[in-house]
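Data block below; observations after.
Nothing in this text is a laboratory measurement; each read-out follows from the coordinates by a stated rule. Here the structure is a predicted model, which means the values were calculated and not measured. Positions of Cβ are generated from backbone atoms using ideal geometry, with glycine treated the same way; all protein chains shown enter the neighbour counts.
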Amino acid sequence: MDVHDEEIEESSDNEVVNVSGEYSVTPWQVDGVVDYNKIVQDFGTRLITPEIIEKLKIISGNIHPLLSRGFFFSHRDFDTILDAYRNGDNFYLYTGRGPSGHVHMGHLMPWFFTKYLQDTFKSRLLFQITDDEKFLYSQHLSLQEVENYAYDNILDVIAMGFDPKLTRIIIDTKNIHALYPLYLEISKRLTFSTARAVFGFKPSSNIGMIGFPAIQAAPCFLPSLIEQKPTRVLIPAAIDQDPYWRITRDVAEKMGYYKPAQIHSKFVPSLEMNGKMSSSKPTSAIFTTDNPETIENKISGAYTGGQPSVGLQRILGGNPDACPVFWYLSHFFDDGKDSFERSLKCRTGNLLCGECKSDLTTQTKLFISKFTRRRDQARNKIGSFLYEDNPFD
Ligand code: TYM
């Protein structure tokens, strides 16, 4: 058994399907309160250390708050990517979206961070739209519905402000010819038993689902074909996508490519607190397509870390650590100082949940209205982002 096999073996013992009794994280569903220290052990990734952050700071001169505040918390080979960059070897970024519905604010987090990395390193970005995945894994979506969401979601991707010269969007059903040779090479090297152990496939799983992981793996190696030399790839995403990279890393060197590196984020919590923001529970999430009234209603109904009455809140104070409203304000809108002051006022009973909800509603409505304008402008730009045969010429 070589080291790559060990990597698979270690993780498949735990079956990604359920990492502990209290929570479960898969690429399709996250339930319960995730223990991020434990998931690093269970998935076999590494925590981002202050040394790595320092290394990035030396190269880039600035650290994105999502990193300094620990939202991006885990990685595989991010340090190797930075060392190679220092030696003159740039890398591609690769991330994506499965178009099963509208985009919510949780999805935007890895994309904000990807944009920061693209701006900092001037890296080329491949952005995969897995319309095939969402058709194969959904019980109710037709292929046409998924394709409609694909084009709708592409507006969100473009609205993020990625550099059109450096960014190409791959739509699986449209660009399959670019992925298919890689898909074949990858899938030939992966057994059903590995795929079952990592993804939890069952005898009733359709055969498209079983082959799909090799399609999500393919863009990890596409940069090497575009550049005509082995090319490093860094994937920013939440940690739910890690199972894909585990199997990809296992085959990479056997195919003559670098193992793709990852930087993993935590999950944006649900407004209702249990689990992550999820497209399947619309009241748990703010979507980029929500209108002002919907935003108001969702935030006014959100769970908070406050006490049951104003009187108790004044005496006992609230708990910002268990409050999605505070979480949103601190990760999307407040700067470090504002956030610290807000948490202090909350804990000491000098701030009521209604005030935080009102701040969050105002900020979110403003953010979404600006984002909506950028989405509208994106309609005229789609052509310059789509993947073509010579993508960066
Ligand atoms: P999808 O569409 O489920 O999610 C898109 C991106 O959003 C991240 N994400 C979240 N991040 C923070 N908080 C949340 N609540 C939250 N929910 C989702 C996901 O980790 C992902 O980064 N199969 C993929 C599409 C894909 C892809 C990729 C993703 C294809 N290639 C490469 C990342 C990297 C999917 O369905 O993602």
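The amide H of T231, built 1.01 Å from its N in the peptide plane, has S224, Y258 as neighbours under 5 Å, considering only residues 5 or more places off or on other chains.
When the Cα positions of T361, S142, S74 are compared along the charge dipole of the chain, T361 comes out farthest toward the positive end, with charges on each C-beta of Lys, Arg, Asp and Glu. Only the Cβ atoms of Lys and Arg (+1) and of Asp and Glu (-1) were treated as charged; on that basis the dipole of region 332-393 about its Cα centre amounts to roughly 360 debye. Using Cβ point charges alone (K and R +1, D and E -1), the dipole size of the chain about the Cα centre works out to roughly 940 debye. Taking the centroid of alpha carbons for each part, region 139-179 and region 277-300 are 22 Å apart. Under the convention that each Lys and Arg Cβ holds +1 and each Asp and Glu Cβ holds -1, the size of the dipole of region 111-262 around its Cα centre is about 640 debye. Report note on the peptides 214-223, 366-375: ranked by the mean count of other C-beta atoms within 10 Å, highest first, their order is 214-223, 366-375.
Taking the fewest neighbouring Cβ atoms within 10 Å as the starting point, the ordered list for D290, D335, D83 is D335, D83, D290. Of the beta bridges in the chain, as assigned by DSSP with both residues counted there, near 35 percent are antiparallel. Counting only the backbone N, which residues of region 251-265 are under 13 Å from the spot 7 Å out from the Cα of E227 toward its beta-carbon? Hits in region 251-265 for E227 at 13 Å: 257-261. How high is the FRET efficiency from K202 to D35, r the C-beta distance, R0 35 Å, rounded to 0.05? The formula returns an efficiency of 0.85 here.
Once a ≥ b ≥ c are taken as the square roots of the eigenvalues of the Cα gyration tensor of region 265-305, is the result rounded (a/c under 1.5), prolate (a/b larger than b/c) or oblate (a/b not larger than b/c)? In terms of gyration-tensor shape, oblate.
Nearest 10 degrees is fine. How inclined is helix 353-378 to the longest principal axis of the chain, computing both from alpha carbons? Approximately 40 degrees, to the nearest 10. Taking the longest Cα principal axis of the chain as reference, the axis of helix 3-14 is set at about 40 degrees.
Rg and Dmax of region 290-377, based on Cα coordinates, read 13.9, 49 Å. Amide hydrogen proximity for A237: with H placed 1.01 Å from N in the peptide plane, the residues at 5 or more positions away or on another chain lying under 5 Å are I263, S265.
Histogrammed with a bin width of 5 Å, the alpha carbon distances of region 18-268 distribute as 1, 6, 14, 18, 21, 19, 13, 7, 2, 0, 0 percent, first bin at zero.
Shape class for region 247-336, computed from the alpha carbon gyration tensor (a ≥ b ≥ c): prolate, with a/c not under 1.5 and a/b above b/c.
If you average the alpha carbon positions of region 349-393 and of region 218-264, how far apart do those two centres end up, in angstrom? Between the Cα centre of region 349-393 and that of region 218-264, the gap is 28 Å. For the residue pairs K38/K115; K38/K276; K337/K357; K57/K115, the C-alpha atoms sit more than 23 angstrom apart in K38/K115.
Between the amide H of Q128 and those of T95, G96, R97, I170, distances stay under 5 Å, these residues lying 5 or more places away or on another chain, with hydrogens modeled in the peptide plane.
Between E22 and N87, how many nm apart are label points set 7 Å from Cα along the C-beta direction? It works out to 4.2 nm between the two label points.
Compared with the direct C-alpha span, the chain from Q377 to R69 gains 107.7 nm at full extension, assuming 0.36 nm per residue. Taking Cα atoms only, the orientation of helix 176-188 departs from the longest principal axis of the chain by about 80 degrees. Ranked by the mean number of other Cβ atoms within 10 Å per residue, highest first, peptides 377-388, 259-270 order as 259-270, 377-388.
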